[in-house]
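Each reported figure results from applying straightforward, stated rules to the coordinates on display, with no laboratory input. Note that the coordinates shown come from a computational prediction; the quantities given were computed from them, not determined experimentally. Here the Cβ positions follow ideal geometry from the backbone for every residue, glycine too, while neighbour counts run over all protein chains shown.
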Number of protein chains: 2
Amino acid sequence: MARESTTSVDVAKLAGVSQSAVSRVFTPGASVSDRTVEKVRKAAQELGYRPNSLARAMVSGRSRIIGLVVAYLNNQFYPEALEKLSAALQERGYHVLVFLTEKTQGDVNQVIEEILGYQVDGIIAASVALSSELADRCRAEKVPLVLFNRSQDDPGLASVTSKNYSGGRTVAEFLIAGEHKRIAHIAGWEGASTQRDREAGFMDGLSEAGVTLHARGVGNFQADTAADAAREMFKADEKPDALFVANDHMAIAVMDVLRDELQLKVPEDVSIVSYDDVPAASWKGYNLTTIRQPADLMVNSAVDILLEQIADKNAGHLWNRTGMKAPKIEIEAPLILRGSARIPEGWDNEGV
Amino acid sequence: MARESTTSVDVAKLAGVSQSAVSRVFTPGASVSDRTVEKVRKAAQELGYRPNSLARAMVSGRSRIIGLVVAYLNNQFYPEALEKLSAALQERGYHVLVFLTEKTQGDVNQVIEEILGYQVDGIIAASVALSSELADRCRAEKVPLVLFNRSQDDPGLASVTSKNYSGGRTVAEFLIAGEHKRIAHIAGWEGASTQRDREAGFMDGLSEAGVTLHARGVGNFQADTAADAAREMFKADEKPDALFVANDHMAIAVMDVLRDELQLKVPEDVSIVSYDDVPAASWKGYNLTTIRQPADLMVNSAVDILLEQIADKNAGHLWNRTGMKAPKIEIEAPLILRGSARIPEGWDNEGV
DNA sequence: GGGGAGCGTGAATGCGCTCTCTGCCATTTT
DNA sequence: AAAATGGCAGAGAGCGCATTCACGCTCCCC
């Protein structure tokens, strides 16, 4: 039951110093003489001692653990983000504790409670919507929280997204410039802010040019649902000649349906533009023209503002206390031109 | 600094009971009267109390945290496994703390040390090789360890893999039955047991039929390295007419090179068979004939033996103490027939 | 009606550590 | 030479909880 690992007391005994001295040796920036450091390190080495992070967390109140809430990983954007997040945090001495959740509100609540039980120093919530009580809960516990790839109105909630609105708008402009006549949209999950923003930008782009949407389906960010939506949409006599699919993951499934089941050519018969630029988007088998969400930049940004909040908390002035607004970062999202959509004259991959 | 969260003492005070009583209420299977439970629950609710997992871990010696070591996530097999692992563990009341590592020995060592510092209840090491000192280290600390998708000779090391040898062998038999004449191999990382086993099975399958390998390249399980290997391999006059690529991730990159750069047709000019059956393998754009590593089964197996070890440890009889051998599970790995390789007569997807 | 048996409870202990506080000594200042 | 300074070590107080122990209570059976 009891783990008989060596403790700082053992090391202290062997090194002939006090336990406090051992602690200080393993605390960066503590005041210890070189001689003590040497003695302690030697003894620690000998006994295979390593400080117990949990005990340290208990007393110091900082666990150096970041809770990551994530809903699904089949969309390749998330594994990529997870890897980069984890790497970035690890570099700064933090680690990621993973919590999977359904998108359902109740489940998220329960998961957050569980996370708080682990005394995490901060939370990153990727692609989940939080109830405002939940946000309050974290605020009360003083656990900084950053939304990743989702945004919410709550001014106290920090978030990092790409410029979804302008991304969607760019797609509209691009497709119109390409002289497409029947432009359709396959949406993701309509509860997601990313979906709403992308679509809003897209629709505004269309209507500003006096173009109306030819058709609309819902894919819920899932491959098979998107495939079904595509099948349904292409049953019509007037088939779309251009498609804005709300992310790459769905676009790939849609493309499979179009090319493989319906014998349509992309981009000759129908142009496809999507969103994310996951690794698979650049594979030649799909070669998707897509809006890039720069995972690195988004991750770095999220980590930065999270750690900043953590630091600030210790200094005692939180946004939410001072009434300052939490940052809502929006990362530039360029259109990457590839082969899945007709390219109008004058458009090119500037500087990408 | 100090987090002013409510503690069991606060709850006890409000409920008019002792702190021990509160603790017992939150300890499944402890002996408490219904009346006490009710009082305590009510008070806890009121104060928003939730037991501190870290403190609990400290005193009980069990953190309910599993350390997951993983080298990279760009191969889609790993995100999938990670998600399933995390879900399976979460269901059993555990959580995953992620540690990324380079494949280099030194880095792995350091990471494992760090993990041990977190007092994890167990470790799952995915696709990393461990030095035997490291394994000893975990043994000394009594932290159960399971290798995932890698195996090692050390009889005390539990591992879960697919039947790599027989998988490789099946590929050989399949390609020979398909009457391919110039069969080549693009290997993964040669330090990986999976690579060695797959290739050993493959080579044995070839030589048993009196066939010699036409060419061999090394892709290190990385897309661009594999692409380079393919380019190199197809410079020759006598180009391969069949390719066993050591995993899907590389196979996709290779296929891009063959079709897009070299204008070769798959499977007409060259058949490709790979390994893993990641989600992308079944996308119509690639439609890979591949050996399936059933992620679910592998994950469940890994979780089972890990938790079993954890339970056994508490009971006091470890494999490594009793000299019993740790299990080395090998999951059946069927060949999934799709479109990237010529299908010989008489072969079909039996029961898949 | 006395002695177990059995359950529920509270006081107390300590998990391994950080951090404050005090005291010592060596060095500097006046 | 006396006083002030600063650097460093050790003692001690917890962090929030699970767990042991001993005690009181009820119930039951001879």
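Tabulated results
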{"quantity": "FRET efficiency for B:D312 and B:A55, using Cβ-Cβ distance with R0 set to 22 Å, rounded to 0.05", "calculated": "0.30"}
{"quantity": "Top of A:R41, A:R292, A:R62 by mean-square fluctuation, Gaussian network on chain A, Cα under 10 Å", "calculated": "A:R41"}
{"quantity": "Ranked B:H185, A:H95, criterion: other C-beta atoms within 10 Å, fewest first", "calculated": "A:H95, B:H185"}
{"quantity": "Coil-residue GluC sites (Glu not before Pro) of segment A:163-255, DSSP, other Cβ within 10 Å capped at 14", "calculated": "A:E179, A:E190, A:E238"}
{"quantity": "Likely footprinting exposure, A:T27, B:T7, fewest C-beta neighbours within 10 Å first", "calculated": "A:T27, B:T7"}
{"quantity": "Kyte-Doolittle mean at least -1.0 and Cα axial length at least 27 Å: DSSP H helices in chain A", "calculated": "A:295-315"}
{"quantity": "Sparse-neighbourhood loop sites, trypsin sites (Lys or Arg not before Pro) in segment B:223-277 - DSSP loop, at most 10 other Cβ within 10 angstrom", "calculated": "B:K235, B:K265"}
{"quantity": "Cβ-based exposure ranking for A:I176, A:I252, in which fewest neighbours within 10 Å come first", "calculated": "A:I176, A:I252"}
{"quantity": "Estimated 222 nm signal from helices in chain A, with DSSP H stretches of n ≥ 4 weighted -39500 (n - 2.57), rounded to 500", "calculated": "-13000 deg cm²/dmol"}
{"quantity": "Qualifying lysines (Cα of each under 20 Å from Cα of A:K42; at least 8 residues distant if same chain)", "calculated": "A:K13"}
{"quantity": "Overall dimensions of segment B:220-352 as given by Cα atoms, namely Rg and Dmax in Å", "calculated": "19.8, 64"}
